[in-house]
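Just below is one structure, and these are the notes that go with it.
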Amino acid sequence: MSSSTQETPAWRHLLLLPVIAIALWTGVRGIDFGHHWDEIRVTRSVKPALESGRILPQNYHIPSLCFEIALLGVLPDALAAELGGKGAASAAEPFPKLRIRTLFLVLVSLSIPWIYLLIWKWRRNSWEALFGAAVLGFAWEPAYHARFIVPDALMMQFGVLTLLCLRGAHRATVPGPWLFAAAATAGLTFGTKYPGGLMLLPVLIAVLVHRRRLESPVVIAGILAVAMFGAAFLLTTPGAVLETSEMWMWMEMMRDAYGGSFAPYDMPAGLPQLIALSTYLTSVTLSHYAAIAVGFSLLAGFGVLFTLREDARWGAVLLSFPIAYVLYFSTQGILIVRNLMVVVPFLALLAARGAGGLFEWLRSRPALRHAASAVLVVALAANAAWLVTAADSIVHYQRYGDAAELEEMIAQRPEQRFALSPRAIQLLGVRRGGLENVVADVERADTAVFHTSEVPHKNRLVANRPRYHTLLPGGPFEINFDYYPNWWGRARMVISPIEEARQADVPLP
């Protein structure tokens, strides 16, 4: 993976296509995952806009870009309905939810070629670029978020596009056009979700870094960059001018919400929040499997060191946003991991740089290079296989789970004592009699098995604790239940510590 000035064969770049294909295929396969609690905030604004002809959302809990994409997805049907005399608004009934989810998925998936191009521009190494793209494309966390009609994964795509433009400025003889393009895409990041406004920070740092090569004074260039950023935001969120007071009201509501309480996602601001954010980013984000996630995160850590040693100015541009963004969210009182999706490409990018540095160090040790290559290929294959498994669990969803799977999971844990909820007892049926570690007295149990439809107080379930819950092999895995335990979507059988079941008032014997 060492950097090289030799010409790269064109076929190597084509290896990116299977990565994109797997990400899109598994994404589309699981697109009909059921209900998402926040999608309605975007979709319910479409019909009133079509009725009134006033292309503004009904609320500003997020900027308007998601609403506009949803509206764009409905537009062909709306035009056909209007021409047919039914009225454009009829196109939103029923709302084409799966089509809009697919549109969001495709837009988010652009992150994969963007990060490939970014690493290629930076390192001129197709293998390193392919590795970074595969780390991002096969990571389950951004993959399932990409299906949602919500802004978080979409913001990720604009964030990495901004970074691609900044890298273009870093290499260009005349960096101004690239910097202004980066300012515009940063404005689109802001137009997707308000915290995305922090993407302006690396743009301004890049203006300072390249001040000697700019055609205008640095202050003027900075003002122009801010103007371009603001114009892109206003173009996608015209309500900032047309409905200013309403937008500020919504922004204050969202600020108060994240500073307040929202069980079960409450997390004390400061160090506890920072530790929880860091735990998710380093041990969950890049893989369903803890060992792979931590391994890729270690590579990202090495990537930071290699980047700063190689080019501190580029390192300042690259690292400024994720550091500022994570520190900002560490000041909040709520932890909902979807807010962190915009950071994921930075981790994948740095993991690729770390892997490249590792292979450079192993240049004189071919046996170790081959072994390291095999380990990375196996890790990526495991991540890709999990995307297939997770998508299949959505397609083949069983509401109450599989009795044989539950029996096997209980039998494989003889050291634990299980208390079963009524639904779990019903599922096992006569199989229950052969399980000696299923107890009738809940006081003797240390583990509970329950169906989420039985939980009267889902907001008392434990959130933001990795690998705390265990689901049956059949899932479903449309989300990471450890981070969304009060999910309003499909119900599932869950195995967790008895303490959680008690605090949520799960019915147990």
Arg29, sole failed condition from (1) surrounded by fewer than 17 Cβ atoms within 10 Å (Cβ to Cβ); (2) free of Cβ contacts under 8 Å to residues at least 60 places away in the same chain
(2)
Any residue in segment 183-193 that is in a helix (DSSP H, G or I), buried (at least 21 other Cβ atoms within 10 Å of the Cβ) and aromatic (Phe, Trp, Tyr)?
yes
Any residue in segment 317-343 that's within 16 Å of Thr282 (Cβ to Cβ): show its pairings with residues that are surrounded by fewer than 18 Cβ atoms within 10 Å (Cβ to Cβ) at Cβ separation under 6 Å, as long as the two are six or more apart or on different chains.
Ser330/Leu274
Selection from segment 426-479 of residues among the polar types (S, T, N, Q) and in contact with a strand residue (DSSP E or B) (Cβ under 7 Å, 6 or more places away or on another chain) yields Asn437, Thr447, Thr452, Thr470
Can you tell me which residue among Leu179, Leu166, Leu154 is over 30 Å from Arg41 (Cβ atoms), touching a Phe, Trp or Tyr at 6+ places or on another chain (Cβ under 9 Å) and modelled with pLDDT of 95 or more?
Leu166
Can you report the number of residues in segment 438-484 which are surrounded by fewer than 17 Cβ atoms within 10 Å (Cβ to Cβ), polar (S, T, N, Q) and farther than 14 Å from Val494 by Cα?
1
Within segment 154-213, can you find the residues that are within 21 Å of Leu350 (Cβ to Cβ) and not hydrophobic (A, V, I, L, M, F, W, C)?
Gln157, Gly159, Thr162, Arg167, Gly168, His170, Arg171, Thr185, Thr189, Pro195, Gly196, Pro202
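Could you identify the single residue in Ile334, Ile323, Ile275 that is more than 21 Å from Ala379 (Cβ to Cβ), outside the structural domain of Val455 (by TED's automatic domain parsing) and in contact with a strand residue (DSSP E or B) (Cβ under 7 Å, 6 or more places away or on another chain)? Reasoning before the result, please.
Details: Ile323 fails: in contact with a strand residue (DSSP E or B) (Cβ under 7 Å, 6 or more places away or on another chain); Ile275 fails: in contact with a strand residue (DSSP E or B) (Cβ under 7 Å, 6 or more places away or on another chain).
Exactly one of Ile334, Ile323, Ile275 is more than 21 Å from Ala379 (Cβ to Cβ), outside the structural domain of Val455 (by TED's automatic domain parsing) and in contact with a strand residue (DSSP E or B) (Cβ under 7 Å, 6 or more places away or on another chain), namely Ile334.
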Number of positions in segment 52-69 that are at pLDDT 85 or above, part of a helix (DSSP H, G or I) and either in contact with a Ser or Thr (Cβ under 9 Å, 6 or more places away or on another chain) or hydroxyl-bearing (Ser, Thr, Tyr) (or both)
4
Confirm whether Phe131 is at pLDDT 95 or above and surrounded by 24 or more Cβ atoms within 10 Å (Cβ to Cβ).
yes
The listed residue being out of contact with any Pro (no Cβ under 8 Å at 6 or more places or on another chain), outside the structural domain of Met493 (by TED's automatic domain parsing), closer than 26 Å to Glu478 by Cα and assigned to a helix (DSSP H, G or I), out of Leu368, Leu349:
Leu349
Total residues in segment 14-41, condition closer than 27 Å to Phe138 by Cα and in a helix (DSSP H, G or I)
16
So Ile410 clears everything in (1) farther than 30 Å from Gly30 by Cβ; (2) assigned to a helix (DSSP H, G or I) except one condition, right? Which one?
(1)
Matching option when the condition is among the aliphatic types (A, V, I, L, M), over 27 Å from Leu163 (Cβ atoms), at pLDDT 90 or above and surrounded by fewer than 14 Cβ atoms within 10 Å (Cβ to Cβ), among Leu98, Leu17:
Leu98
Given (1) under 21 Å from Thr102 (Cα atoms); (2) assigned to a helix (DSSP H, G or I), number of the condition Ala49 does not satisfy:
(1)
Which members of segment 371-407 meet the condition of being out of contact with any Gly (no Cβ under 8 Å at 6 or more places or on another chain), in a helix (DSSP H, G or I) and either small (Gly, Ala, Ser) or at pLDDT below 90 (or both)?
Ala371, Ala372, Ser373, Ala374, Ala381, Ala382, Ala384, Ala385, Ala404
Give me the residue from segment 337-379 that is over 23 Å from Phe138 (Cβ atoms) and hydrophobic (A, V, I, L, M, F, W, C) and, out of that set, surrounded by the fewest Cβ atoms within 10 Å (Cβ to Cβ).
Ala367
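Please work out if Thr173 is of a type in the set (S, T, N, Q) and surrounded by fewer than 20 Cβ atoms within 10 Å (Cβ to Cβ).
yes
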Looking at Leu214 and the list (1) surrounded by fewer than 14 Cβ atoms within 10 Å (Cβ to Cβ); (2) closer than 24 Å to Gly315 by Cβ; (3) without any contact (Cβ under 8 Å) to a residue 40 or more places away in the chain; (4) not β-branched (Val, Ile, Thr), which single condition is not satisfied?
(1)
Note: among Val506, Val494, Val430, Val449, just one is modelled with pLDDT of 90 or more, of a type in the set (Val, Ile, Thr) and either out of contact with any Leu (no Cβ under 8 Å at 6 or more places or on another chain) or on the phi > 0 side of the Ramachandran plot (or both), namely Val506
Among the residues of segment 487-509, which ones are surrounded by fewer than 18 Cβ atoms within 10 Å (Cβ to Cβ) and either closer than 24 Å to Ala411 by Cα or in contact with a helix residue (DSSP H, G or I) (Cβ under 9 Å, 6 or more places away or on another chain) (or both)?
Trp488, Pro497, Glu499, Arg502, Gln503, Asp505, Pro507, Pro509
Those residues of segment 165-175 which are closer than 17 Å to Ala232 by Cα and either aliphatic (A, V, I, L, M) or in contact (Cβ under 8 Å) with a residue 60 or more places away in the chain (or both), in sequence order
Leu166
If you check every pair at least six apart or on different chains, which have Cβ atoms under 6 Å apart with a residue in segment 115-137 that is among the aromatic types (Phe, Trp, Tyr) first and a residue that is part of a helix (DSSP H, G or I) second?
Tyr116/Leu16; Tyr116/Ala129; Tyr116/Ala133; Trp120/Ala129; Trp122/Arg167; Phe131/Ala352; Phe131/Ala355
Starting from segment 194-210, keep only residues that are more than 23 Å from Arg255 (Cβ to Cβ), then list their pairs with residues that are surrounded by fewer than 22 Cβ atoms within 10 Å (Cβ to Cβ) and of a type in the set (Ser, Thr, Tyr) whose Cβ atoms are within a distance under 7 Å, requiring at least 6 positions of separation or different chains.
Pro202/Ser320; Ile205/Ser320
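The values are calculated or read from the model by the stated rules, or taken from the named source; none is laboratory data. All of these numbers come straight from a predicted model, not from anything done at the bench. Using ideal geometry, Cβ is built from the backbone for each residue, glycine included, and neighbour counts are taken over all protein chains shown.
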